[in-house]
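Chemist: One structure is given below, represented as structure tokens, and several questions about it will come after.
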Amino acid sequence: MALVAALGMAGASISFEIAGKKVGSLTVNIVRLVQGMIFLSITSFYVRGLPLPTDASLKEYTFLGISGFIGMFLGDLFMFESFVLLGARITTLIMTTVPVVTALSAWILLGETLSFQEGTAVFLTIGGIFLVMFNGNGKGEKKEKFPIKGMFCAIGGVLGQSLGMVFSKIGLESYDPIAATQIRIIVATIAFIILISVRGKWGEIKNGIKNKKAFRWLVVGSFFGPFVGVTAMLIALKNASAGIVSTLSSTSPILVIPFCILIFKERVRPIEILGAVISVGGASLFFI
């Protein structure tokens, strides 16, 4: 399920990148959450007989709500701003530290531990991703200085994603992952509505929704991201430690490569293939 989450996030990242270039990141954020909620509500009705998470306890609402605010609102807000200030490659590179921060957070808050083999797998997986992302996209990018604000936004994205995952682990326990995802999305959506209202950006959102090409990509991204990706990750969190799930799900930068070849016609260099092999090899240690 963690690998399914990684694949879903990879498909969503490509879709949201295309849509974001057309309508802006704020529109992408709010629309993807609303569309994701629609997909989840339909699924929840057929699977559980409840379209909304009305059966959650106060503890589940509390911790999953905190997870949604920290991870899906603050984390994504910082991450998208970092994309603007630093670019996708550097931001993704920094975001690959999420598993390490998640494992440390789970150790502090949940008392989870990793064996030597699992620890080795973490570093191999992250090392492979670093190798791919650090070498750029094969287009001869030049070295440049990056703004401190952008670096802080990327770090904020890492902390948001990591802590959001840990609080999800606490809130899940015996609760349904689909309903848990709904709670996270509801809280994040409310937070974005407040932010958009305060900033007076509803006109921008309205114009973005009218863009038919962007809207189609938003539907695709919402299906693979908030629906498939996030739900699969919560199922994984329910059955494995947060550090392991975070590591496996962080392979999405590797899985993005085939999408880039098919959609953007990008060339993949041998060093990127090597990084993918190292990353997948590291992930496989979890199953040996």
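The values are calculated or read from the model by the stated rules, or taken from the named source; none is laboratory data. Please read these numbers as outputs of a predicted model, since none were measured by experiment. In this analysis, Cβ positions are derived from the backbone assuming ideal geometry, glycine residues included, and neighbour counts consider all displayed protein chains.
Chemist: Any idea which residue in region 52-70 is surrounded by the most Cβ atoms within 10 Å (Cβ to Cβ), counting only those that are assigned to a helix (DSSP H, G or I) and of a type in the set (A, V, I, L, M)?
Modeler: Going through region 52-70, the residues assigned to a helix (DSSP H, G or I) turn out to be 58-70.
With the extra rule that they be of a type in the set (A, V, I, L, M), the set shrinks to 58, 64, 66, 70.
Details: L58: 7, L64: 29, I66: 19, I70: 23.
Once the filter is applied, the top-ranked residue is L64.
Chemist: Please enumerate the residues belonging to region 143-195 that are surrounded by 17 or more Cβ atoms within 10 Å (Cβ to Cβ) and hydroxyl-bearing (S, T, Y).
Modeler: Applying the first criterion (surrounded by 17 or more Cβ atoms within 10 Å (Cβ to Cβ)) to region 143-195 yields 150, 153-154, 156-172, 175-189, 191-192.
Residues satisfying the conditions are S162, S168, Y175, T181, T189.
Chemist: Checking Q182 against (1) over 21 Å from the mean Cα position of the chain (by Cα); (2) farther than 18 Å from F16 by Cβ, which test does it fail?
Modeler: The number of the failed condition is (1).
Chemist: Looking at region 219-231, is at least one residue hydrophobic (A, V, I, L, M, F, W, C) and more than 16 Å from V34 (Cα to Cα)?
Modeler: no
Chemist: Pull out all pairs, ordered by first then second residue, where Cβ-Cβ is under 7 Å, the residues are six or more apart or on different chains, the first lies in region 33-51 and is closer than 22 Å to I193 by Cβ and in a helix (DSSP H, G or I), and the second is among the small types (G, A, S) and modelled with pLDDT of 90 or more.
Modeler: Here the result reads L33/A188; S44/A179, each pair linking region 33-51 to a residue that is among the small types (G, A, S) and modelled with pLDDT of 90 or more.
Chemist: Ok, one more. Answer yes or no as to whether F123 is of a type in the set (F, W, Y), at pLDDT 75 or above and in a helix (DSSP H, G or I). I'd like the intermediate steps shown before the answer.
Modeler: Numbers: of a type in the set (F, W, Y): yes; at pLDDT 75 or above: yes; in a helix (DSSP H, G or I): yes.
It is true that F123 is of a type in the set (F, W, Y), at pLDDT 75 or above and in a helix (DSSP H, G or I).
Chemist: Look through L7, L110, L26 and report the one residue that is touching a Gly at 6+ places or on another chain (Cβ under 9 Å), among the aliphatic types (A, V, I, L, M) and over 19 Å from I193 (Cα atoms). Full working, then the answer.
Modeler: On the way: L110 fails: touching a Gly at 6+ places or on another chain (Cβ under 9 Å); L26 fails: over 19 Å from I193 (Cα atoms).
Unique residue meeting the criteria: L7.
Chemist: Does D76 fit the bill of being in a helix (DSSP H, G or I) and in contact (Cβ under 8 Å) with a residue 12 or more places away in the chain? Can you show your working first?
Modeler: Numbers: in a helix (DSSP H, G or I): yes; in contact (Cβ under 8 Å) with a residue 12 or more places away in the chain: yes.
In short, yes.
Chemist: Which one of these is in a helix (DSSP H, G or I), at pLDDT below 75, among the polar types (S, T, N, Q) and surrounded by fewer than 22 Cβ atoms within 10 Å (Cβ to Cβ): S284, S246? Break it down into steps so the answer makes sense when it comes.
Modeler: Numbers: S246 fails: surrounded by fewer than 22 Cβ atoms within 10 Å (Cβ to Cβ).
Result of the check over S284, S246: S284.
Chemist: Just checking, how many residues over region 171-221 are closer than 25 Å to M233 by Cα, polar (S, T, N, Q) and in a loop (DSSP other than H, G, I, E, B)?
Modeler: The qualifying residues number 1.
Chemist: Within region 16-72, count every residue that is under 25 Å from A214 (Cβ atoms) and not charged (D, E, K, R).
Modeler: Within region 16-72, the subset under 25 Å from A214 (Cβ atoms) is 16-43, 68, 71-72.
Then keep just the ones that are not charged (D, E, K, R); that gives 16, 18-20, 23-31, 33-43, 68, 71-72.
Total meeting the criteria: 27.
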